Amino acid sequence: MKVAKQTASPIERPGRESWAIPPSRVAPWIGPLLLLTLFAGVLSGRDRLAFRDVGYFYTPLYEYVAQQCQAQHWGAWGDAIWNESDQTGMPLAGETTTAVFYPLRMLVYAPAWSAETAMGVYVVLHLILASLTAYALARRLRCSPWSAAIAGVGYPLSGMVLFLATNPPFLVGAAWLPLLMAPWIDGRAAIRWMESSWGIRLPNRQTGIDWAKAICIPAIAMAMIILGGDPPTALHAMLVAVVIGAIRWAILCSRRSDPRPAPGPTGQCQLSLPRSGHHHDGNPTRQRGICSVLRGEQVILADASGYQDRFAVESRWHWPTGLAIIGQMSAIVVLASILAAPQIAASLAWSARSDRVQDPGAPEISKIHDQALAFSVPPWRWMELVVPNLYGSPWPINSRWDRILFDGGRTRPETALWTPSLYGGLLLPVLIVFGGIRWWKSPARCRRYAGWPLWVLFLLPAAAALGGYFPVYPWLHRFLPGYDSLRYPAKWLPFVALAITVAAARSMHVQIVMQRWRTRAVRPSAVPQGGVASQRSGSIAWVSGSVVAGLILLGIGVLVANLEGRLSDPFWGPFVPDVAVAQYTFSVACVFLVLLAIGILRDPRWWLICLAVDLVVAHHQLVPTVDRAAESRLLAVAHDDQPSRRWMRINSDGGFPAEWSEQSDPDRILTVEASLRLARFGRWHLEHGDAVVNNLVSIGSREMAEFWHFAKTIDRSASDLPANHWRGWCRLLGVEGLLRCRGGQVTTPQTRAQQAMPVVTRELFKTPRLEAFSDGALHEETTSRYSSDPRDGSLTESASGLSATSLSVRTKFEPLTPDRAGAWRELLLDYAYESRASPARIPPRIANQITRQAGDGAPRVILSRPVYQDGYWQAVLTPRDSGRASDEEHPVAGVTSSRLAEVFQVDFLSQGVLCPPGKWRIAFQYAPWWHRPMLTLASLGWGVVAWVLAARHREASREKLLRKTL
């Protein structure tokens, strides 16, 4: 295969417009600089990220994860960590979004700064990473530095990605997504079957495919996405890769009898360019480069004959090539699974016991199916791609009008806002339209290999993001195994943003190259006479289209002005038409200013500045923040030094002030965020060391979902329950009190805008003294608590009172029946009466074991505590030498050392252990069997990958030095 001599492209040739600093050193940092400017207040510590999950969920959660990891000698790579503060306990790593093993989370939370600052750094770091990876993908597709900067600016600043700052795990997925999708968008990194070697064309130096680009880097990106808490994005990426691989294989099959004709040195592919004989230097290679530019590919191509023979050979071996594509995909998945093995094992183990996985015949108690189509992207929202903030903003003043106009003012989960804006800059669709026009005007053989993978990357995710408005997402839920455990179609939006920005970068590159060929490589006398007429007709079309668009937008503005406030939000108040009209007018003005700038600025490099200004102006307030000092003043009155307890959160009178839904306030975000923090909403209870049984979690246990389902059912249907039956059910959960958030007509405390906040009170139960004693440290080996002595019924307590983790002596038991619904009903009816001693519901196998041991004269008692048993708890029983004479007179035969005791499930939500007669020291340990092996496997995998990448870097450095020497 002959390779054409690669010369500097016109955009990178030295000349009077050359830069002192190479563009490749400046262009990639434009996006990060803009992001640092947007989040300067957060990074300085003045503000904190607020609203939704980042405000009340992940800010306290990641701080709690960091504290738990730092308490161990080896951090996250030490022992498995049990989270005792959520529900009745759950594995910390089992909830995937905790990102326990994610390296960048460890790096960000290593310094001793506040939780708010650490979260801000974490979010900005991933937005910068998204900018750099999108830039790298565009450069990999042969875009020049300035055109690749379009992707580096447009991708992280688009509304589909930037607003993910309010949901950090999905921002992690968006940040690493360009590297994961690179081998499927760039077909040069795909493994193919070649006749010359009679085998798979493996990546090596001879074939020009790099192992790192083909397998290692995508696998690292996938592992980072999983470790960062976003497995759905990794799954979606593989689905898109399967479709692209299938299409690529089908194209190879279609070339068996019709190989691609070689692009010869003819001038028929050149728009407004001279023929071969009229070129100023007669270089046919440049003309083949122009032809390739019109196809959206690289400027310099290999020799035509070699290009044709390569595809002719591949088309003969289409079946093995398909297998090679599958092999490459499998290698990426396997390597990523090894690198993320601890997180995958923890997630699978916990998901098997979660409410998203139902046992056959069990009642339907999970809300996952009801929420499957929540946060869909309705068809009318796609107009936001060309108009910034088209439908207004729902906060802090409610000026959002799309649901009023298109959905009758209803509030449905399907139309809930995942992001208030899909806008990614008006320049991006304009560049894509330019590219489409060039493609349409070019000859057929220059169209054949256009960037179709980007079309797949756009169309499939866009169709899936429509949710219930298009059959793709429901079809995935119905037919794809395991997909029914996922929800929220809007999670596909980062793929759409990536496709649009990369396609715009490619079109920008072609635009720059075409302009340089017209101004440098083409003589003015060689420009066809029709070129001026073509430019004139294009200007007329541009002006006409702008006028038509202006009339349409003006009509929409009149319609918005006549809308009534029929939709009121419980947080942000009623719809305000005046604010909606003002925001709409500003958005339309921005559109026409951008169109005017694009039409005036002839140099496409200035379009990059236009895009940056456009996105900064449109999205400078997209991510809500609150002033930390103002929030601290609101929370100062709520300071308390009460000991840590296990609570149940309840709402009275709606939970939030009625004034919120009746009035608007520009300070409402500050008020809402301070109120949620005061009420321990989401994960804010972790900030105070409290435990809450009904807090928000990403993945909860199946038994907890069953408890709420059956408890609410019995509460509605049973009429003979005692008045305080919920307190009895709280006893089942180990709850010590109620955390009550009272709304309605409240007036104090108030903000400077005289707006009320909810009143939060704590109500401790007056629990009767039970036969129980405290077990404060749940997973420490030094835990020291004593069992009862069944010979005299006495009980030794190591602490007074009843705590959330207390051990109880259970002498009565019943085996659980196969009828799970009936067992729950009996259990809840027993606990509804506080004075009634409820027998322990235990597995039938344990009940049979107790019965056999009682018949052998070795009685056992059940020690239970309200901590969930996920199957990996174990207890160590060590005999205690009390030194009392009674112990010496009645020794326990055969007891000489510590022994392991099985921990089993009690009453669905608790755990218990059988204790033999005597005095014992009991230590509960959380030790999943897979924890150490998976950590070892991942460590070996990361070591091998690091060695391979280091070897590749050394080899590349030697080759670069050799080229300089020659």
- Query: Using the Kirkwood radius built from alpha carbon pairs, what does the Stokes-Einstein equation give as D for region 562-715 at 4 °C and 1.567 mPa s, in µm² per second?
  - Reply: 64 µm²/s
- Query: What is the order of 47, 370, fewest Cβ neighbours within 10 Å to most?
  - Reply: 370, 47
- Linear extension gain, residue 37 paired with residue 955, 0.36 nm per residue minus alpha-carbon span: 326.6 nm
- Computed Kirkwood radius, in angstrom, where 1/r is averaged over Cα pairs of region 639-764: 16.2 Å
- Task: Pop the C-beta distance of residue 633 and residue 688 into the FRET formula with R0 = 22 Å and round what comes out to the nearest 0.05.
- Result: 0.75
- Query: Taking every DSSP beta bridge that has both residues in region 639-764, what percent is antiparallel when rounded to the nearest 5?
  - Reply: 45 percent
- Query: Nearest 20 debye, what's the magnitude of the dipole of region 639-764 about its Cα centre given +1 on Lys and Arg Cβ and -1 on Asp and Glu Cβ?
  - Reply: 260 debye
- Whose amide H sits under 5 Å from the amide H of residue 655, counting only residues 5 or more places off or on another chain, with H placed in the peptide plane? 743, 744
- Mind listing the long-range amide H neighbours of residue 911? Cut-off is under 5 Å, sequence gap 5 or more, other chains count too, H placed in the peptide plane at 1.01 Å from N. 865, 867, 906
- Query: Hey, any idea what Rg/Rh is for region 115-169, computing Rh the Kirkwood way over Cα pairs?
  - Reply: 1.07
- Note on the structure: Output ordering of 499-509, 728-738, 476-486 (per-residue mean of other Cβ within 10 Å, highest first) is 499-509, 728-738, 476-486
- Message: Under the rule a/c < 1.5 gives rounded, and otherwise a/b versus b/c splits prolate from oblate, where does region 90-142 land using the Cα gyration tensor?
- Response: oblate
- Among 181, 222, which comes first, then next, by fewest other beta-carbon atoms within 10 Å? 181, 222
- Query: Amide H neighbours of residue 861 under 5 Å, counting only residues 5+ apart in sequence or on other chains, H built in-plane at 1.01 Å?
  - Reply: 915
- Just order 908-914, 718-724 by mean Cβ neighbour count inside 10 Å, highest at the front, would you? 908-914, 718-724
- Message: Taking the number of other C-beta atoms within 10 Å as the exposure measure, put 143, 915, 253 in order starting with the fewest.
- Response: 253, 915, 143
- Message: Can you give the local net charge around residue 99? Use residues other than it whose beta-carbon is closer than 14 angstrom to its beta-carbon, Lys and Arg +1, Asp and Glu -1.
- Response: -2
- Output the peptides 73-79, 127-133 sorted from most to least packed, where packing is the average of other Cβ atoms within 10 Å over each peptide's residues. 127-133, 73-79
- In whole angstrom, the spacing between the Cα centers of region 693-717 and region 69-108 equals 24 Å
- Based on the alpha-carbon gyration tensor of region 648-693 and its eigenvalue square roots a ≥ b ≥ c, which shape applies: rounded if a/c is under 1.5, prolate if not and a/b is larger than b/c, or oblate? oblate
- Item | Hz values of 3J(HN,Hα) by residue in region 332-345 - Karplus curve (6.51, -1.76, 1.60), Gly and Pro given as x | 5, 5, 5, 5, 5, 5, 5, 5, 9, 4, x, 5, 5, 5
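Here, each number is a calculation from the coordinates, and none is a lab measurement. No experiment lies behind these values; they were computed from the predicted model shown. Counting neighbours? That spans all protein chains shown, and the Cβs are built from the backbone with ideal geometry, glycine included.
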